[in-house]
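Asker: Supplied in structure tokens, the structure appears directly below.
The values are calculated or read from the model by the stated rules, or taken from the named source; none is laboratory data. Please read all numbers here as calculations on a predicted model, not as lab measurements. Backbone-built Cβ (ideal geometry, glycine too); neighbour counts: all protein chains shown. These accessible areas exclude ligands, DNA and RNA; they are computed on the full protein's heavy atoms, side chains included. Shrake-Rupley method; radii C 1.70, N 1.55, O 1.52, S 1.80 Å.
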Amino acid sequence: KLQYVDALPIEDLPGPGFATSCVAGGLAICLAVDKNGKVWGLGDKCPPINQPLSFGKVGDGVIEDPVLGTKFSLSTGEVVGKWCPSGIGLLLGGVFDATGVPTFPVKTSKTMVQVQVDVNAKLNYEAEYWTGILDAQGKSDGTYY
């Protein structure tokens, strides 16, 4: 079920050329602000080693992975240019296939930044978890046995 959820107060949004992280619907989201002030939403886990994309540099239509140097398109999340071009990325890049990051529609109001996410994603992911008497997670309604 896709819907817009509050992700970040507008006053916490960084200026053009920067990014920040937030949580929307249980998902880690990177909010990147391009040089024109447009806000973009991407998954905040950078492949292949899942460091935060929100620490990256926002450039002209891209955000750059702060550790491995991969650039991702702000609009599509696809890899732009070389995969893992810097430092240790040269070693890791050969081991993993080039992978983009998910993108999310974003809208802003006077007070909040909202991100469109599947609000049932976590529930669907956890639906296959076993919930028996010895289950350390407790009951599916949040209580314990």
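Asker: Within region 109-133, restricting attention to residues that are over 15 Å from K1 (Cα atoms) and at pLDDT 95 or above, which residue is least open to solvent (accessible area, probe 1.4 Å)?
Answerer: Top of the filtered list is V113.
Asker: Here is a further query. Please state which of the following conditions T103 fails to meet, knowing it meets all the rest: (1) within 12 Å of the chain's Cα centre (by Cα); (2) open to solvent by less than 50 Å² (accessible area, probe 1.4 Å); (3) modelled with pLDDT of 95 or more; (4) not basic (K, R).
Answerer: Checking T103 against (1) within 12 Å of the chain's Cα centre (by Cα); (2) open to solvent by less than 50 Å² (accessible area, probe 1.4 Å); (3) modelled with pLDDT of 95 or more; (4) not basic (K, R), the one that fails is (2).
Asker: Which one is nearest to D118 (Cα to Cα), of the residues in region 33-59 that are buried (at least 20 other Cβ atoms within 10 Å of the Cβ), within 10 Å of the chain's Cα centre (by Cα) and without any contact (Cβ under 8 Å) to a residue 60 or more places away in the chain?
Answerer: My answer is D44.
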